[in-house]
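Peer 1: Following this message is one structure expressed as structure tokens.
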Amino acid sequence: MANKNKEKLVDVKNLKTYFYTEEGVVKAVDGIDFEIYPGETLGIVGESGCGKSVTSLSIMGLVESPPGKIAEGEILFEGIDLTKLSQAEMRKIRGNEISMIFQEPMTSLNPVYTIGDQISEAIIIHKGLSKKEAMKESVEMLKKVGIPLPEQRINEYPHQLSGGMRQRVMIAMALSCDPKLLIADEPTTALDVTIQAQILELMNSLKASYGMSIMMITHDLGVIAEISDRVAVMYAGKIVEYTDVNTLFADPKHPYTWGLMNSIPKLDRDVNRLQAIPGIVPNPLNFPDGCKFNTRCPLAEGKCFTDEPKIVDAAEGHKVRCWRYKDLEEMKKQNVKIYEEQR
Amino acid sequence: MAEKLLEVNNLKKYFPVKAGIFKKTVAYVKAVDDVSFFVNKGETLGLVGESGCGKSTTGRTILRLLEATAGEVIFEGKDVLSLNKEDLRNIRRDMQIIFQDPYASLNPRMTVADIVGEPIDIHNLAKNKKERNEKVKDILERVGLGSEYMRRYPHEFSGGQRQRIGVARALAVDPKLIIADEPVSALDVSIQAQVINLLQDLQKDFGLTYLFIAHDLSVVKHISDRIAVMYLGKIVEMADKTELFDDPMHPYTQSLLSAIPEADPTKKKERIILEGDVPSPVDPPSGCRFHPRCPKAFDKCSVEEPVFKDYGDNHFAACHLLEE
Ligand SMILES: Nc1ncnc2c1ncn2[C@@H]1O[C@H](COP(=O)(O)OP(=O)(O)OP(=O)(O)O)[C@@H](O)[C@H]1O
Ligand SMILES: Nc1ncnc2c1ncn2[C@@H]1O[C@H](COP(=O)(O)OP(=O)(O)O)[C@@H](O)[C@H]1O
Ligand code: SF4
Ligand SMILES: [Mg+2]
Ligand SMILES: [Mg+2]
């Protein structure tokens, strides 16, 4: 890919974010590496509790501390290690260089201020405009994110807007300072499909016009396919597979990724039974030895139960964390259903 | 010819909106507004639509967890809405419900044995405690939970396991119809598949009929035989699932289907992006309720309400475009 020659915007190296709780240490993010190039969308996909949100909060410097702490690793943003910055320095980066939107926009909007006040405040802080200029700019931003009658809307309060509109307002706020990176944590999960389609289209078109990078966090493989250039699949605090979106869907190499893809119903293909991944995600306070997927993996054997696999290059630009990915390859060729149709 | 187990005719459920010191009714939320459909014995009818369109209200009104404003619900020939308390209790044995939220829908202070056993007690289906517990044990095993879980409380279970408990509770009285209101929406994808498979196995083994309410169209397509699409209190289209996906008639169905993100990056879908949001059910648009957002609306649409009718092979729809 052309990426090779580009400077990395974000370079996360061996990031470990732990929570030191009374019951023990929760290794929410346990040694992950990834990078984001300018203008690309990196998708992060995984089930609830696998560490997606903690990853994004770590980049934003918003991990609740205590009990949380970045225990190890670096987060390089344009070459500067964010983990070494002071609170004040981080505040400057947040909202200026990096913005974030959340799953439930209601919790991140202040219910007692009007939409206009909230967007213009962000603009005043980051662009140093006067109140009047900032209000004008707010109207422009609302227009850009497709809110009808923006002159009227700036005088309304968050509760007067629908979920889809609130998410648009969040996006407008996030973009008002021209960030280089937009982190979107499940931005469409609380929305209906037709509204989700509106928001995804909006994000794609804004990405094109602003040239920013997006880190898109979701549990929905459909959304991932729709919006990502490259994808990291997370399981139990680790990245288990990492490659470009087309390769991931055409040739998933990790048993977990393979399982996820087969466990969702497809619109264009009817099957009688879904191939479900058995069992449940292990408790983060009590992860198994060896590979963390071994409690659910149909390929698990010997070494999988004792030694944790490292993430390796299975092919160019395609990383996998599994002892047996080559065996899976063989099984896929022979059309073996690795997740049995158990009852 | 398929036999109808449940028939719903012109069902309405309006919730009063009250205001002022005298709590006068100033308006109505027309949550379900003249809805008709049927479910055949042994099949799964999927009921889809966006948040607030009236899916749950429809389900609850059928079971009389909410009292209907108007209409008819016929279950095995009996008019459910006019049953007295005693007959209603009896018929509830045949009609059970599973809820979306596996966290909120189970009493946190009851053990699993009591949660699953309660309906058995209510309907006097066991001679004594021992027989009741035997039954509970069997059902729990049937839904993939060992009997070692019987003495535990809901908070000790994962979301998927809690949903299994909910399913076990519904099954305990050996019902004919299960209304499943978003039973997998709150679950992770890998767990969703487990619960969907379970529901399908149980349907085969016990000859169950499902009304499956959901907003995830891929899931609904997988599990249903037929699908009904709701918009703002009305069913706008109903057909065999393959028919509905291959040849959607209603512009709302068309845009809804086009909006589904597919897990295939090579597919670039032609999207029909709808403008704006769903209007309020308190004051729904005139004529066809979809007209303010409909990309194909013409003059008639804002004036006259289209009739929901059969365009052949049980493919129902309500749209003026179809009447040429
Ligand atoms: N008890 C109630 N009082 C007043 N309005 C109600 C009540 N219950 C539901 N409604 C309204 O009725 C409409 C339909 O609600 P319902 O819960 O049936 O929607 P739904 O299709 O199940 O949505 P979701 O997908 O969010 O579960 C909504 O506008 C809702 O706000
Ligand atoms: N403030 C906290 N205190 C303790 N544990 C936490 C805290 N925040 C997150 N965790 C734990 O970290 C893990 C990853 O969480 P999170 O990143 O939120 O998952 P998700 O992938 O669903 O976004 C989970 O086990 C979660 O319980
Ligand atoms: S390392 Fe072993 S247990 Fe882990 S995913 Fe690979 S085969 Fe499965
Ligand atoms: Mg999260
Ligand atoms: Mg509902």
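Peer 1: Looking for something more than 10 Å from chain B (Cβ to nearest Cβ) and part of a strand (DSSP E or B) - is there at least one such residue anywhere in the stretch A:187-205?
Peer 2: No, that holds for no residue.
Peer 1: Going through A:180, A:144 one at a time, which residue ends up being open to solvent by 10 Å² or more (accessible area, probe 1.4 Å) and over 21 Å from the mean Cα position of the chain (by Cα)?
Peer 2: The match here is A:144.
Peer 1: Right, something else. With respect to residue A:31, determine if the residue is within 15 Å of residue A:238 (Cα to Cα), assigned to a strand (DSSP E or B) and within 14 Å of chain B (Cβ to nearest Cβ).
Peer 2: Considered against the rule, which asks whether it is within 15 Å of residue A:238 (Cα to Cα), assigned to a strand (DSSP E or B) and within 14 Å of chain B (Cβ to nearest Cβ), residue A:31 comes out as no.
Peer 1: Taking into account only those residues within the stretch B:162-191 that are of a type outside the set (A, V, I, L, M, F, W, C) and away from every other protein chain (no Cβ under 14 Å), which is nearest to ligand 2 (Cβ to nearest atom)?
Peer 2: Restricting to residues being of a type outside the set (A, V, I, L, M, F, W, C) and away from every other protein chain (no Cβ under 14 Å), the top hit is B:183.
Peer 1: What do you reckon, is residue A:307 at pLDDT 95 or above and in a loop (DSSP other than H, G, I, E, B)?
Peer 2: yes
Peer 1: For residues in the stretch A:258-304 being within 10 Å of ligand 3 (Cβ to nearest atom) and outside any loop (DSSP other than H, G, I, E, B), which is most open to solvent (accessible area, probe 1.4 Å)?
Peer 2: A:303
Peer 1: Residues in the stretch B:192-206: is at least one open to solvent by 20 Å² or more (accessible area, probe 1.4 Å) and within 16 Å of ligand 2 (Cβ to nearest atom)?
Peer 2: There is at least one residue in the stretch B:192-206 that is open to solvent by 20 Å² or more (accessible area, probe 1.4 Å) and within 16 Å of ligand 2 (Cβ to nearest atom).
Peer 1: If you don't mind, another one. Out of A:110, A:96, A:14, I need the residue that is modelled with pLDDT under 95, surrounded by fewer than 16 Cβ atoms within 10 Å (Cβ to Cβ) and away from ligand 2 (no atom under 16 Å from the Cβ). Which one?
Peer 2: Within the list A:110, A:96, A:14, the selection yields A:110.
Peer 1: If you don't mind, another one. Any residue in the stretch A:292-312 that is within 16 Å of ligand 5 (Cβ to nearest atom) sitting within a Cβ distance under 8 Å of a residue that is not acidic (Asp, Glu)? List the pairs, counting only those 6 or more apart or interchain.
Peer 2: Pairs that qualify, where the first residue is within 16 Å of ligand 5 (Cβ to nearest atom) and the partner is not acidic (Asp, Glu): there are none.
Residue by residue, here is whether (1) under 18 Å from residue B:7 (Cβ atoms); (2) open to solvent by 50 Å² or more (accessible area, probe 1.4 Å); (3) within 16 Å of ligand 1 (Cβ to nearest atom); (4) not acidic (Asp, Glu) holds:
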residue: B:53; (1), (2), (3), (4): no, no, yes, yes
residue: B:62; (1), (2), (3), (4): yes, no, yes, yes
residue: B:67; (1), (2), (3), (4): no, yes, yes, no
residue: B:73; (1), (2), (3), (4): yes, no, yes, yes
residue: B:84; (1), (2), (3), (4): no, yes, no, yes
residue: B:87; (1), (2), (3), (4): yes, yes, no, no
residue: B:95; (1), (2), (3), (4): yes, no, no, yes
residue: B:101; (1), (2), (3), (4): no, yes, yes, no
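Peer 1: Is it fair to say residue B:63 is over 18 Å from the mean Cα position of the chain (by Cα) and either more than 16 Å from ligand 2 (Cβ to nearest atom) or within 14 Å of chain A (Cβ to nearest Cβ) (or both)?
Peer 2: No; evaluated as a whole, the condition is false for this residue.
Peer 1: What's the total number of residues in the stretch B:167-178 that are open to solvent by 10 Å² or more (accessible area, probe 1.4 Å) and assigned to a helix (DSSP H, G or I)?
Peer 2: Matching residues across the stretch B:167-178 total 2.
Peer 1: Moving on. Look at the stretch B:233-250 and say how many of its residues are surrounded by fewer than 24 Cβ atoms within 10 Å (Cβ to Cβ) and either of a type outside the set (S, T, N, Q) or more than 13 Å from every other protein chain (Cβ to nearest Cβ) (or both).
Peer 2: So the answer is 8.
Peer 1: Can you tell me which residue in the stretch B:1-18 is modelled with the lowest pLDDT, limited to those that are more than 16 Å from ligand 1 (Cβ to nearest atom), more than 16 Å from residue B:58 (Cα to Cα) and loosely packed, with under 14 Cβ neighbours inside 10 Å?
Peer 2: Step by step, filter the stretch B:1-18, then rank; the result is B:1.
Peer 1: Based on what the data block shows, is residue A:173 away from every other protein chain (no Cβ under 14 Å), part of a strand (DSSP E or B), touching a helix residue (DSSP H, G or I) at 6+ places or on another chain (Cβ under 8 Å) and of a type in the set (A, V, I, L, M, F, W, C)?
Peer 2: So residue A:173 does not fit the description; no.
Peer 1: Quick test for you: out of A:59, A:75, pick the one residue that is away from ligand 4 (no atom under 16 Å from the Cβ) and either more than 15 Å from the chain's Cα centre (by Cα) or under 28 Å from residue B:188 (Cα atoms) (or both).
Peer 2: A:75
The values are calculated or read from the model by the stated rules, or taken from the named source; none is laboratory data. In this text the structure is predicted, and so the values were computed from the model without any measurement. With ideal geometry, Cβ positions are generated from the backbone for all residues, glycine too; neighbour counts draw on all protein chains shown. For the accessible areas, the whole protein counts, side chains as well, though only heavy atoms, and no ligand, DNA or RNA atoms are used. Shrake-Rupley method; radii C 1.70, N 1.55, O 1.52, S 1.80 Å.
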